[in-house]
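The values are calculated or read from the model by the stated rules, or taken from the named source; none is laboratory data. Predicted model only: the values in this text are computed from it and were never measured. Note: ideal-geometry Cβ built from the backbone for every residue, glycine included; neighbour counts use all protein chains shown. The protein model used for the area step is the full one, side chains on, heavy atoms only, and it has no ligands, DNA or RNA in it. Shrake-Rupley method; radii C 1.70, N 1.55, O 1.52, S 1.80 Å.
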Amino acid sequence: MARKDRIADPWGTRTPYGAGESWPVRVDAHLAEGVAPEDVDRWVQTASILHSNGDAMDIAVKDQRIVGVRGRAVDRVNHGRLGPKDLYGWQANASPDRLTRPLIRAGGQLVETDWDTAMDRVVARSKELLAEQGSSAIGFYTTGQLFSEEYYTLGVVAHGGLGTNHVDGNTRLCTATAAEALKESFGCDGQPGSYTDVDHADVIALFGHNMAETQTVLWTRVLDRLEGPNPPKVICVDPRLTPVAKAATVHLAPRPGTNVALMNAILHEIISNGWLDTDYIQANTVGYADLEKMVKDYPPVLVAEICGVPAEKIQEAAAIIGHAERLLSTVLQGFYQSNQATAAAVQVNNLNLIRGMLGKPGCGILQMNGQPTAQNTRECGADGDLAGFRNWSNDAQVEDLAKVWNVEPSSIPHFSPPTHVMQMIRYVEEGSIRMLWVSGTNPAVSLPELARIRSLLTQERLFLVVQDIFLSETAQLADVVLPAATWGEKTGTFTNVDRTVHLSDKAVEPPGEARPDLDIFIDYAQRMGLKDKDGEPLVKWHDPESAFEAWKECSRGRPCDYTGITYDKLRGGSGIQWPCNEENPEGSERIYADGKFWADPEYCESYGRDLLTGAPMEASEYKALNPEGKAIIKAAEYTPPHELPSQKYPLQLITGRTLFHFHTRTKTARAPELQAAAPEVWVEMSADDAGAYGIAEGDLAEVETPRGSVRAQVRISGIRSGVLFLPFHYGYWDTDGGHEPPGNGRAANELTITEWDAASKQPIFKTAAARLTRIAAGDGPSSAPTNTASAPAAGIQAAAFPAGKLTSGIPSAQAYETIEGAASGGAS
């Protein structure tokens with residue numbers, strides 16, 4: 001058992017292995033100070049909810065409290081490994097500022113009340129609005145951190161019960177483009193890749209994907225391949241010099257907003273050099289001729305001027321991809337949150353399609369997710385799509401869903417596209433959405449152009465319900481706050497990006513009167529009197545397992561088929577990849593083998609969209625294009641970002657994640673080690689720009705865009721010149737228990753633009769024009785972690801609550817790891 005500082009060494013000890021070999025086991029663990037493994041009363045099976053990788057782990061329970069975690073050696077995803085957020089993030093559960101009782105607004109203040117009073121207020125307002133205006137008055141905005149049982153229930157209540165089309169998740173901000181890109185190329189969501197492809201690939205290409213910080217354990221897998229025999233070549237596309245870029249064979253650092261041009265140049269090289277699988281293209285795809293014609297206009301020498309990437313580097317990257325025998329491509333926010341997001345992500349799909357590299361070991365695409373249960377919002381219908389990857393434009397599929405729910409098809413909204421959150425906010429602005437129910441997310445920090453968001457969420461005419469575990473910046477604005485249970489305090493399932501389903505069992509009781517989100521949604525449905533067409537309760541389940549069984553039946557025969565999975569099957573062993581059914585009783589490691597896609601016109605989830613305008617294709621258009629249900633190769637012309645640098649704003653601003661925090665820090669800032677590792681917002685700039693502006697490492701600078709300003713310490717890095725980077729996690733509460741006035745210059749989204757991708761509707765966080773001004777000299781490097789033994793964060797304290805420094809009562813300790821041979825054991 002080796003002690004490790006997993007803040008200084010986030011990826012832990014190397015366990016090298018070669019192509020085609022099994023990834024060795026390494027069991028990581030972290031227990032509270034003074035607790036030894038033999039002191040633990042029981043271990044409870046779960047997986048991580050602080051990133052999207054799906055790391056399986058066991059929760060250590062002692063005296064009915066969570067006191068640590070350890071990785072599960074038997075699980076296919078992580079083979080026992082855990083990342084820093086896994087190892088330390090559990091401490092947030094015990095924060096003393098957890099919400100424990102419902103709150104309602106009275107006299108301008110949030111005051112404690114009982115559940116009946118709070119729910120009666122929510123139900124009364126719901127019924128008033130339904131009577132006055134109808135279902136269009138009510139919107140739901142959820143998270144990417146609930147369980148599939150909860151998302152499915154929310155989708156049934158919203159779509160089947162209330163009949164509202166206004167349902168979305170904050171997954172719109174991070175992975176809407178992943179889903180849309182898959183629909184565009186394959187007619188349906190569902191990842192055509194598996195984490196085991198890392199074990200076989202000879203080329204791994206990461207497009208806008210800082211895997212080292214967003215999926216630390218998956219990057220550990222790549223690092224172990226790189227140190228083993230026959231290591232893969234790595235291509236990195238990112239304007240920042242990330243750990244991925246440092247490890248890459250070729251690093252391309254394009255100008256923000258030019259991803260489509262760059263991809264077209266790579267495709268140009270592959271096609272012009274004949275690095276193609278023409279048999280695969282002819283047998284399994286449609287649309288290749290359009291792509292060939294389009295990319296002729298994008299030779300590397302021309303694209304070099306657009307992207308600011310040397311032509312020879314583009315050619316080198318293309319040659320590596322073109323000669324790959326087993327190509328794994330991954331994509332994340334650098335493409336998803338940038339100009340022409342879906343168009344760029346689709347071009348990555350095109351790479352694997354024209355090379356014929358799908359459905360085989362080492363040959364896959366991972367259009368990555370940004371959140372632990374983002375996949376479930378899409379599968380279960382909590383992001384606006386219909387449950388089970390059903391096509392809202394296909395009447396037969398709507399009728400099938402109505403049969404599952406025992407409602408009339410006309411009661412399920414499907415006569416127009418689902419309302420994405422950016423449009424929902426516009427409807428709030430116009431006054432047509434008059435009740436917004438926000439669960440498990442913090443839009444007052446995470447949505448773009450925050451000054452506008454605050455003004456809309458505080459309107460008198462908007463009835464705002466917030467369901468959360470802490471009094472977040474958004475919860476402070478609410479009319480009703482519902483205290484929720486979180487991970488470790490409830491039971492449910494969730495699915496990672498490579499379709500692996502995990503079970504998370506309840507380990508401890510939630511604090512005070514906090515309730516599982518599933519119980520809250522069921523209670524609302526019952527109080528609303530929601531019925532099916534026979535007058536029976538619409539929501540017929542009562543606990544997580546019965547809700548899972550209902551979801552399984554909804555998934556039957558659909559691409560995301562869960563019918564072969566049970567809670568008992570998930571307990572004790574590894575997670576299972578869907579589809580899992582009679583045909584695939586042990587799950588499916590890969591999909592789309594032998595050119596079999598879910599793209600048939602009668603079966604597909606989507607007919608696709610115009611990549612430039614976002615206009616949906618009609619069924620007749622799709623059937624004419626793709627009558628046999630093949631993969632679709634879609635070409636895209638490059639168009640510049642709408643907001644370009646100018647004399648007044650000469651730089652480009654991009655935002656993103658850091659390794660040690662997740663979203664708006666509501667959990668990670670309450671873990672002492674994680675908060676100490678990244679306590680304050682910073683701005684990253686190149687050495688050339690720092691010299692031009694007369695700025696030194698650690699100086700205080702102000703970053704401005706046409707929408708606002710942020711003040712932050714400067715970090716000088718290898719980022720592309722002309723580009724600034726801000727992490728988006730930081731909002732308006734402090735670790736000393738106080739809170740800052742909104743708009744005081746800490747939140748990156750004060751600066752971002754209200755604009756979204758035409759096809760995926762994902763907001764564009766990475767192409768704002770900006771300027772930077774030095775404010776004051778600093779005290780030296782800004783990146784050094786502070787003392788990791790410092791007190792954990794306390795939450796926002798509203799006027800009705802006492803402020804003050806709070807502690808979790810759980811001292812910190814170093815993590816430890818065991819290489820090979822050490823069994824994690826099963827959960828008791």
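Quote to one decimal, in nm, the extra length available between T566 and T773 on full extension: 0.36 nm per residue of separation minus the C-alpha distance between them.
On the way: separation 207, 0.36 × 207 = 74.52 nm, distance 5.74 nm.
Working it through step by step, the gained length comes to 68.8 nm.
Given an 8 Å cut-off on Cα distances and at least 6 residues of separation, report the relative contact order of the chain as a percent. Please report the intermediate quantities before stating the final value.
Working: 2099 pairs, mean separation 175.0, N = 828.
Dividing the mean separation by the residue count of the chain yields 21 percent.
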Leaving out same-chain residues fewer than 8 places away, which aspartates and glutamates sit with a Cα under 14 Å from that of K648? E704
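A692 to E621: extension gain in nm, 0.36 nm per residue of separation minus the Cα-Cα distance?
Working: separation 71, 0.36 × 71 = 25.56 nm, distance 5.35 nm.
Difference between extended and current length: 20.2 nm.
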I'd like the antiparallel share, as a percent to the nearest 5, of DSSP beta bridges with both residues in the chain. 55 percent
Which length gain, in nm to one decimal place, applies between R461 and K246 when the Cα-Cα distance is subtracted from 0.36 nm times their residue separation? 72.3 nm
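At a 1.4 Å probe radius, which order do E399, E545 fall into by accessible area, largest first?
Values: E399 105, E545 80 Å².
My answer, sorted largest first, is E399, E545.
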Using a probe radius of 1.4 Å on heavy atoms only, what accessible surface per residue do you get for region 2-96? Whole Å² is fine. 28 Å²
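Run the accessible area of region 374-506 with a 1.4 Å probe and give the carbon-and-sulfur part as a rounded percent. Don't skip to the end; give the middle numbers.
Details: 1500 of 3170 Å².
The value for region 374-506 is 47 percent carbon and sulfur by accessible area.
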Whole-number accessible area per residue in Å² for region 282-364, which is evaluated in the context of all protein chains at 1.4 Å: 32 Å²
Could you pull the accessible area for Y152 with a 1.4 Å probe, rounded to 10 Å²? 0 Å²
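Distance check, please: which entries in K85/K540; K634/K761; K4/K62; K85/K490; K533/K630; K183/K552 exceed 26 angstrom between their Cα atoms? Provide the component values of the computation, followed by the final result.
Working: K85/K540 36 Å; K634/K761 18 Å; K4/K62 23 Å; K85/K490 20 Å; K533/K630 38 Å; K183/K552 22 Å.
Over 26 Å apart, Cα to Cα: K85/K540; K533/K630.
How large is the dipole of region 645-689 about the Cα centre if only Lys and Arg carry +1 and Asp and Glu carry -1, each at its Cβ, rounded to the nearest 20 debye?
Numbers: 5 positive and 5 negative charges, 70 e Å.
Computed about the Cα centre, the dipole is about 340 debye.
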Measuring from label point to label point, each 7 Å out along Cα→Cβ, what is the D9 to E513 span in nm? 4.9 nm
Can you give the helix-only mean residue ellipticity at 222 nm for the chain, where every DSSP H stretch with n ≥ 4 adds -39500 (n - 2.57) and the sum goes over all residues, rounded to the nearest 500 deg cm²/dmol? -7500 deg cm²/dmol
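Order 84-90, 314-320 from most to least packed using the mean count of other Cβ atoms within 10 Å. Present the calculation step by step, with values, prior to reporting the outcome.
On the way: 84-90: 28.1, 314-320: 21.3.
Ranked from most to least packed, the peptides come out as 84-90, 314-320.
With r defined as the distance between the Cβ atoms of D594 and E399 and R0 fixed at 30 Å, what FRET efficiency is calculated, to the nearest 0.05? Each step should come with its number before you reach the end.
Working: r = 31 Å, r/R0 = 1.03.
Here the calculated transfer efficiency is 0.45.
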Among V331, G722, S185, flag the residue with its Cα farthest along the positive direction of the charge dipole of the chain, charges on Cβ as +1 for Lys/Arg and -1 for Asp/Glu. G722
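Given a 1.4 angstrom probe, what's the average accessible area per residue across region 498-546, in square angstrom? Working shown, then result.
Numbers: 2030 Å² over 49 residues.
I get 42 Å² per residue for this part.
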Highest mean first, how do 51-63, 629-641, 401-413 rank when packing is the count of other Cβ atoms within 10 Å averaged over residues? 51-63, 629-641, 401-413
Ignoring everything but the protein chains, give the 1.4 Å probe accessible area of K552 in square angstrom, nearest 10. 20 Å²
Considering only protein heavy atoms, what is the solvent-accessible area of K296 at a probe of 1.4 Å, reported in Å² to the nearest 10? 140 Å²
For region 2-96, with +1 on Lys and Arg beta carbons and -1 on Asp and Glu, the positive-most of T15, G89, V61 along the dipole: T15
Provide the packing ranking of 494-506, 236-248, 366-378, i.e. peptides ordered by the mean count of other C-beta atoms within 10 Å per residue, highest first. 366-378, 494-506, 236-248
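Round to a whole number: what % of the accessible area of region 2-96 belongs to carbon and sulfur, probe 1.4 Å? Spell out each step's value before the answer.
On the way: 1300 of 2690 Å².
Within region 2-96, the accessible surface is 48 percent carbon and sulfur.
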From the list (i) 0.97; (ii) 1.74; (iii) 0.88, can you say which value of Cα Rg over 2.2 N^0.38 Å was derived from the structure given? (iii)
